[in-house]
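Q: First the structure, which I've put down as structure tokens, then a few questions once you've had a look.
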Amino acid sequence: MSKVKKPEFDEEARTLAEKVFAHDAKDEDERDEISPFDMADNCPIGHIEMQHHLIDRKAKESTKKRLKIIMRGKAIATAIPVLEDPAMAQPKESANQMGLPSYTDVPEFQRVTISGDYASGVTIEDFELACKGLYRALTIREKYMRLSFQRFCRTTAQFLRNMENEQWKEENEVHPVFTPPLKTGGDPFSPKDFPENLGYVCKMTDGVIYVYANDESVKRNEPKDLPYPDLATFIDDMNFLIALIAQGPVKTYAHRRLKFLYSKFNLHEMLNEMEEIKEVKSNPHRDFYNVRKVDTHIHAAACMNQKHLLRFIKKSSRVDSDRIIWTSKDKKLTLKELFDKLKLNAYDLTVDSLDVHAGRQTFQRFDKFNAKYNPVGASELRDLYLKTENAIDGEYFAHIIKEVASDLEDAKYQHAEPRLSIYGRSPDEWSKLASWFIKHRVFSPKMKWMIQIPRIYDIFRAQNFVPHFGKMLENIFMPIFEATVNPQDNIKLSIFLKYITGFDSVDDESKHSGHMFCLKSPKPQEWTMPKNPSYSYYLCYMYLNIMVLNNLRRERGLNTFLFRPHCGEAGAVTHLLTAFMTADNISHGLNLKKSPVLQYLYFLSQVPIALSPLSNNSLFLEYAKNPLPEFLRKGLMVSLSTDDPMQFHYTKEPLMEEYAIAAQVFKFNTSDICEIARNSVLQSGFSEQEKAHFLGPNYRREGPAGNCIQKTNVPQIRMAYRYESLCYELNLIKEGLKDLE
């Protein structure tokens, strides 16, 4: 058990959380220049007040306590792993002080170390307060990741156990379960190897599906022994984090540590760039072009580029001109008749007239961006070419995706994780999507699939498709629970679910709901109003259902799912806080630059972030202002993704286009882009066997020990620097907690 007492949640923290939410929910025009989460870089008044504050507090501090910290600082400064080489003759005590493994194949390089008072610049009390809050925040994330069988950084977990005077054990680590790669000659759509039906009863209660042995158990309210939600604790944890990221001392500490990490990397680069280049140049066969890279955030409906879509439309108009492709009530249309109705000549179409590319007119206009999914502005063409449900059962859409998969197979070293939509409008959406997937055999070893849930309850409610939000949740999750309990009765869906690795939550984040998620919030079955629930409300109930589902599927020997929402592209910074609790990794994360505390927490727990600078450039943030290079320098775990190639890219290889532009604009070198590529594989939902093949058999190990330069082309010097920097920051928190004992 931890010797550090976790602070009890009190009314004061809840009140602060409500104030923060009220500030964050203001209209953009009314917001203050500096939010409760921000730390201004240049604020003269703040600096003067800080100086006075330090002078007043320093007079009261114990000289003995400060001296104790200075002595500990010497130990931290020297606590870096060392080379296991007799010729170096370096003492091994420095590595043992941190309990770190010694390095075996890291070339000698120059390290940046800081000696002396590691708490200088902040008062002892503020330092201890920050360490205490950060420690609890990390334990909160670890708890929710373990409950849902999602990933948590191994290095961080080891330090947390060390802070609690416990021993970390590898067998206690939890991992998601992914479907292993198909054996040579195997049938990806084989109905074999699924477990027998259990006949359990599934019932939704307060927005979460519970599993019962039979109808009698339902009457007695005795669900199966699975981890069901504790909503009160979840909301208390969320409010604690809201209060934490708004606390002045914690903001100051996190801001200073992030500035230090940024400056430290610049020094590392200045001192060791040539050594890293030397390491890469001496690596045979491997370079950036043939390292594995995964497009970790791409939507299936826009996975092709605009020229690809144009060619397919022209080809289909020639080959299938007399085919019936549109039915409406009693009317049927051939493809030629549909084009005549739209007053279009397929031969005359160009990428300009197709008008699916985003540009200046879509900036800060998500509505115009969504309209770009309609070729030539015609929703009929979107339904025909980019949907799974239509008169031809989504055949054209399947063909386009298989052509994209063929391009990936030709490229060999590129992979993708396309998103398909489930809306929650009706419970049969899953069976229809599974039938489409199997009928058209939409399978490729280069692709792993994800399900995106658009946050559009307000539209469905306005049209009376669903009576309340609980029904939408039931339509989304009940079919998967039933397929898990009785896979033999839901064989098509069971086959489809084998290739699903996670869930995404999508929509325009800049839309404010005005609702603060708390214990007083209506339960999902009580949410009958036409207004959309808040982002946190959506994420909470999606996570809770995924948590129960993953535990059930793991018991049954089936693959589990990750939660990987769109988060931090726009809107409130509290979105990133909810995702910190619930998500394995996120897409976008731009707003992390607004909150130093959250940004530091994302670094400490190494939460993967899929950034899409070209997408952001057309929607929310100019390319040159993208935080990608800043995040990379500080050590956050970032990857590059395309988002929507149809709207943002021009070439046949959009992921390479994304890397090439980032490398040119941000002046990334080979080590940088190969590190980003390696991160993309780690972030992805590819199986353990595939990752071992892509990255090396020890990819789960920490630091250089987990890096196979022959496969990743990432220098061991870079891996050692990243590992040591993370250990140093975690060690500071550990030392801060020692002073509390």
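The values are calculated or read from the model by the stated rules, or taken from the named source; none is laboratory data. Just so you know, these numbers come straight off a predicted model, no measurement behind them. Heads up, the Cβs are rebuilt from the backbone with ideal geometry, glycines too, and the neighbour counts pull from every protein chain shown.
Q: In the list Gly685, Gly703, which residue meets the criterion of being touching a Gly at 6+ places or on another chain (Cβ under 6 Å) and touching a residue at least 40 places away in the same chain (Cβ under 8 Å)?
A: Gly685
Q: Of all residues in region 162-176, count the ones that are surrounded by 13 or more Cβ atoms within 10 Å (Cβ to Cβ) and not in a loop (DSSP other than H, G, I, E, B).
A: Going through region 162-176 one residue at a time, the tally reaches 2.
Q: I've got another one for you. Just to be sure, is Leu408 surrounded by 18 or more Cβ atoms within 10 Å (Cβ to Cβ) and outside the structural domain of Asp187 (by TED's automatic domain parsing)?
A: Judged against the criteria, Leu408 is a match.
Q: Just wondering, is there one or more residues in region 405-425 that are part of a loop (DSSP other than H, G, I, E, B), farther than 28 Å from Ser684 by Cα and not polar (S, T, N, Q)?
A: Checking region 405-425: at least one residue is part of a loop (DSSP other than H, G, I, E, B), farther than 28 Å from Ser684 by Cα and not polar (S, T, N, Q).
Q: For Trp436, are the conditions met, namely being over 27 Å from the mean Cα position of the chain (by Cα) and either assigned by TED's automatic domain parsing to the domain that holds Tyr538 or farther than 30 Å from Leu349 by Cβ (or both)?
A: Answer is yes for this residue.
Q: Something else about it: Condition first: at pLDDT 85 or above and either β-branched (Val, Ile, Thr) or within 30 Å of the chain's Cα centre (by Cα) (or both). Now tell me which residues in region 330-374 satisfy that.
A: Thr334, Thr350, Val351
Q: Hey, among the residues in region 298-331 that are within 28 Å of Arg419 (Cβ to Cβ) and touching a strand residue (DSSP E or B) at 6+ places or on another chain (Cβ under 6 Å), which one's surrounded by the fewest Cβ atoms within 10 Å (Cβ to Cβ)?
A: For region 298-331, the residue satisfying everything is Trp326.
Q: Does Met450 count as in the same structural domain as Glu417 (by TED's automatic domain parsing) and closer than 29 Å to Asp407 by Cβ?
A: Taking the combined requirement at face value, the residue satisfies it.
Q: Do we find that Glu653 is in contact with a Leu (Cβ under 8 Å, 6 or more places away or on another chain) and either touching a residue at least 60 places away in the same chain (Cβ under 8 Å) or not small (Gly, Ala, Ser) (or both) in this structure?
A: Taking the combined requirement at face value, the residue does not satisfy it.
Q: Something else now. From the list Leu614, Leu636, pick out the single residue that is modelled with pLDDT of 90 or more, closer than 14 Å to Phe666 by Cα and buried (at least 21 other Cβ atoms within 10 Å of the Cβ).
A: Only one candidate qualifies: Leu614.
Q: If you go through region 510-544 one residue at a time, how many are outside any helix (DSSP H, G or I), of a type in the set (Ser, Thr, Tyr) and more than 14 Å from Asp458 (Cα to Cα)?
A: Here the count works out to 2.
Q: Could I ask something else about it? Among (1) at positive phi; (2) surrounded by 22 or more Cβ atoms within 10 Å (Cβ to Cβ), which single condition is His285 missing?
A: (2)
Q: From the residues in region 688-738 that are among the hydroxyl-bearing types (Ser, Thr, Tyr) and either over 24 Å from the mean Cα position of the chain (by Cα) or part of a helix (DSSP H, G or I) (or both), which one is farthest from Val106 (Cα to Cα)?
A: Tyr728
Q: List the pairs whose first member sits in region 268-290 and is free of Cβ contacts under 8 Å to residues at least 40 places away in the same chain, whose second member is part of a helix (DSSP H, G or I) and of a type outside the set (A, V, I, L, M), and whose Cβ atoms are under 6 Å apart, counting only residues at least 6 apart or on separate chains?
A: none
Q: I would also like to ask the following. Within region 281-302, which residues are touching a Phe, Trp or Tyr at 6+ places or on another chain (Cβ under 9 Å) and more than 30 Å from Pro454 (Cβ to Cβ)?
A: Phe288, Tyr289, Asn290, Val291, Arg292
Q: Can you give me the ranges of the helices (runs of 4 or more DSSP H) entirely in region 602-686 with at least 1 residues that are under 16 Å from the mean Cα position of the chain (by Cα)?
A: In region 602-686, 613-619, 628-634, 670-683 are the helices (runs of 4 or more DSSP H) which contain 1 or more residues that are under 16 Å from the mean Cα position of the chain (by Cα).
Q: Still on this structure: Looking only at region 203-255, which residues are in contact (Cβ under 8 Å) with a residue 60 or more places away in the chain, closer than 26 Å to Trp527 by Cα and part of a helix (DSSP H, G or I)?
A: Selection gives Leu231, Ala232, Phe234, Ile235, Asp236, Asp237, Met238, Asn239, Phe240, Leu241, Ile242.
Q: Next up: If a residue has to be in contact (Cβ under 8 Å) with a residue 24 or more places away in the chain, of a type outside the set (D, E, K, R) and not in a strand (DSSP E or B) to count, how many in region 297-334 make the cut?
A: Count: 14.
Q: Could you check how many residues of region 501-545 are among the β-branched types (Val, Ile, Thr) and in contact with a helix residue (DSSP H, G or I) (Cβ under 8 Å, 6 or more places away or on another chain)?
A: Qualifying residue count for the region: 1.
Q: Run down Met581, Met547 and say which single residue is in the same structural domain as Tyr457 (by TED's automatic domain parsing), over 30 Å from Gln463 (Cβ atoms) and among the hydrophobic types (A, V, I, L, M, F, W, C).
A: So the residue among Met581, Met547 that is in the same structural domain as Tyr457 (by TED's automatic domain parsing), over 30 Å from Gln463 (Cβ atoms) and among the hydrophobic types (A, V, I, L, M, F, W, C) is Met547.
Q: Do we find that Lys439 is out of contact with any Pro (no Cβ under 6 Å at 6 or more places or on another chain) and either closer than 22 Å to Arg564 by Cα or among the polar types (S, T, N, Q) (or both) in this structure?
A: Spelling it out, it is not the case that Lys439 is out of contact with any Pro (no Cβ under 6 Å at 6 or more places or on another chain) and either closer than 22 Å to Arg564 by Cα or among the polar types (S, T, N, Q) (or both).
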